[in-house]
Amino acid sequence: MRSHALARTLVSAAAVIGLAAGGLATAGTSFAAPAQTARTGSVSILATHNFGLSSQQAKNVQCFMRGAPASYTGAIDGDPGPNTQAAFKRFANDMSVFYPC
């Protein structure tokens, strides 16, 4: 009975090794991903930089800048564009007079 269990184990091990070797032997370049070609062309910016603010937070900043000495003159639209950035820079420069670091 012991020899029967040993024979069964050896046959199972040989089958596993055979399957693994056969799988490795047939895995050629036909399973590899196709080569990709490099793309050339112009690149454009697809999104605006919102400084990590939500739309409502950006509207709050724009409202604050409208009343601040920075005198923001753009629309309160929740999109911090170049006018919002310029007003914020003016505000920061004005505050640096009071809080120099």
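Derivation of every value follows stated rules applied to the coordinates shown; laboratory data play no part. Since this is a predicted model, take the numbers as computed values, not measurements. Please note: Cβ atoms are built from the backbone with ideal geometry, for glycine as well, and neighbour counts cover all protein chains shown.
Numbers below:
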{"item": "Label-point gap, in nm, between residue 40 and residue 54 - each point 7 angstrom along Cα→Cβ", "result": "4.6 nm"}
{"item": "Neighbourhood charge, 15 Å Cβ-Cβ cut-off, centred on residue 71 and excluding it, Lys, Arg +1 and Asp, Glu -1", "result": "+2"}
{"item": "Charge tally in the Cβ shell below 12 Å around residue 53, where Lys, Arg are +1 and Asp, Glu are -1, residue 53 excluded", "result": "0"}
